[in-house]
Structure formats: structure tokens, C-alpha cells
Amino acid sequence: MRVSFTKMHGLGNDFVMLDGREAALPAMTAAMAAALADRNTGIGCDQLIVLESIESKLDADFAMRIYNADGGEVESCGNASRAVALLHGQPARVMTGGGVIALEPSSGGARVDMGAPRFDWQDIPLDYAMDTATMPVSWGPLEAPASVNVGNPHVIFFVNDSNGVDLAELGPQIENDPLFPNRVNVNVAQHVSGNHLRLRVWERGAGLTRACGTGACATAVAAINRGLVQSPVTVSLPGGDLEIAWEKGGTIMMSGPATESFRGSFEWDDYA
């Protein structure tokens, strides 16, 4: 069975997009997702995205499933949501593992309503109860983070120099700490000036990434809650900038670019 794919990226965070809305695809497995994501022997990507039709169109127009490079399925991906908006070509409501999001293509990218952030320790989730606004925990030089669920779990550290943190060393330690039963995305943020943040992300199941849309959302929300910035917030990642708008009690609006790189096809059985 030969299957077509579209390779896309959002600020360098790249995706292999499989569209199973018109003709259903065979079931994806963790092993196959990891094989397709392999940059040496597969197509290569940070995340594999599978679009699927849904029976009822009352809540959403279609579904989006997200697999990290290690094959694990995750709930949400902001950069991939913008890529889906560009691929779909018109406004849509999309069912994800983290809930329904609304997306709309724009010139050179997309605007996505990522839903409302959650702050309760059980919603992150954490292993035990604590204040998620300023958590009484630390890992080496990183301390007192905030934690926010924006469809997937994030922990955010505010530091003086985001580039000075050895995220390759500390990221996997924090990601896999027993405090986070579902693991966690690790964000290291620096307040540059005004409503401008600089951010680096260790992404759960993918490692260091050039951009993370949900990380930018979670970090902007945490910074607003701490009074460091006001909405809208510009979040600068290694791959480029995103604009995040959020008012307390409302939903998060993320705006930024998305790009199609190329299209191709592969034999399903070669990776199954």
C-alpha cells in the first residue's frame, strides 16, 4: 500500500503529515511512528501527524493524532496545529487528545485557539498536590517553576539567561522525574524586555527542539500570571517568533508561521 505524505514545519519544528480523512489508513503503531520519524532510515521529523475523519461533526470537523519521534502518542502540538491549518486551507475545529482546538490559516501561517489553560495539580498532572504557580521543587540551578497544562503538560523555569542552561543535561532528568506521571515538557524562559520572552524547550519524547507552540503558550501564560508580561506576548524560540494572546479566564490564541517543505510517498509495509 503506497501512502502519500506532506512534510511541513513550523519555525523548524518539523512534521510528517498523513491524511486519512478521505481514505482511512491502517492503524498507526508506536514502532511505525518512530521508524517514519527516524532521520537516517525514515522520512525524518519531530512529530508524525495523522489526520482522521470523525463520525459526528457536531464537536469538530476532523481529528488529529500526534506521535513524537520516540513513537509515543501525545495530546497536543501547537506548531503542528498551524501546519494542519495551512494544509486544510480553511477554518476548522479539530479534535485532539488534549481537546478541541479551532484553527484558521492566515498569510504565511495560521492562528489557533488552543483552548483554556489548566493549573490544578491534578490536571498537569503531578504526583502529589502542590501550588503550580510557584512549585517548591528544583533540579540543579533550575528552581521554583510554574506548571501549566495547555492540552499537554509543561513546566516553566524563568531564568536570567536561557542560553546558559544545560537543557540537554537537565531536560531528560526533569521530563522523566516521578513528579510527572505522564512525563513533562521542559521550558526555560528569559524575560527580555516589555512583553518579550526568549524560550528554549526540551520536548517530551522529542528532545531539544527549534520551536514548541504549546511551550510558547504555557510559558506566556505563566509569565502573565507572574506579572512579568502582559498580553499579547512575543515568544522568541531558536526557530523564530510566535505571538501568544491570553486574558485570564479565556482561551489562548497562538499566531505564527507554517511552511510546506515537500511531498512524497512511501510503502506502508516497509515501516509497519
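The values are calculated or read from the model by the stated rules, or taken from the named source; none is laboratory data. Every value quoted in this text rests on a predicted model; they were computed, and no experiment measured them. Cβ: placed from backbone, ideal geometry, glycine included. Neighbour counts: every protein chain shown.
Structure data summary
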| item | result |
| --- | --- |
| Answer residue from the stretch 208-251, given it is of a type outside the set (G, A, S), under 16 Å from F157 (Cα atoms) and out of contact with any helix residue (DSSP H, G or I) (no Cβ under 8 Å at 6 or more places or on another chain) and is surrounded by the most Cβ atoms within 10 Å (Cβ to Cβ) among those | T219 |
| Unmet criterion (only one of (1) within 27 Å of G71 (Cα to Cα); (2) at pLDDT 95 or above; (3) assigned to a loop (DSSP other than H, G, I, E, B)) for A272 | (2) |
| Any hit, the stretch 213-226, residues being among the hydroxyl-bearing types (S, T, Y), outside any strand (DSSP E or B), under 20 Å from P117 (Cβ atoms) and in contact (Cβ under 8 Å) with a residue 60 or more places away in the chain | yes |
| The stretch 46-62 - residue that is over 15 Å from the mean Cα position of the chain (by Cα) and not hydrophobic (A, V, I, L, M, F, W, C) and, of those, surrounded by the most Cβ atoms within 10 Å (Cβ to Cβ) | D61 |
| Residue in the stretch 88-105 that is crowded, with 17+ Cβ neighbours inside 10 Å, in a loop (DSSP other than H, G, I, E, B) and at pLDDT below 95 present | yes |
| Flag if V184 is on the phi < 0 side of the Ramachandran plot, crowded, with 21+ Cβ neighbours inside 10 Å, without any contact (Cβ under 8 Å) to a residue 60 or more places away in the chain and touching a helix residue (DSSP H, G or I) at 6+ places or on another chain (Cβ under 8 Å) | no |
| Criterion violated by A92 - all others in (1) under 17 Å from F180 (Cα atoms); (2) touching a residue at least 24 places away in the same chain (Cβ under 8 Å); (3) small (G, A, S) satisfied | (1) |
| Residue pairs meeting the criteria (Cβ under 6 Å; at least 6 apart or on separate chains; first of a type in the set (V, I, T), in the stretch 195-207; second in a strand (DSSP E or B)) | V201/N187; V201/T209 |
| Search result, residues across the stretch 1-26 that are over 16 Å from Q47 (Cα atoms) and touching a Lys or Arg at 6+ places or on another chain (Cβ under 8 Å) | S4 |
| Strands (runs of 3 or more DSSP E) lying entirely in the stretch 106-193 (those with 2 or more residues that are farther than 24 Å from E75 by Cα and either in contact with an Asp or Glu (Cβ under 6 Å, 6 or more places away or on another chain) or not assigned by TED's automatic domain parsing to the domain that holds G10 (or both)) | 185-193 |
| Matching residues, the stretch 106-115, being at pLDDT 95 or above and surrounded by fewer than 15 Cβ atoms within 10 Å (Cβ to Cβ) | none |
| Subset of the stretch 1-42 [more than 22 Å from P238 (Cβ to Cβ), without any contact (Cβ under 8 Å) to a residue 60 or more places away in the chain and either of a type in the set (V, I, T) or in contact with a Pro (Cβ under 8 Å, 6 or more places away or on another chain) (or both)] | T41 |
| The stretch 195-207 - residue that is farther than 16 Å from V159 by Cα and assigned to a loop (DSSP other than H, G, I, E, B) and, of those, modelled with the highest pLDDT | R204 |
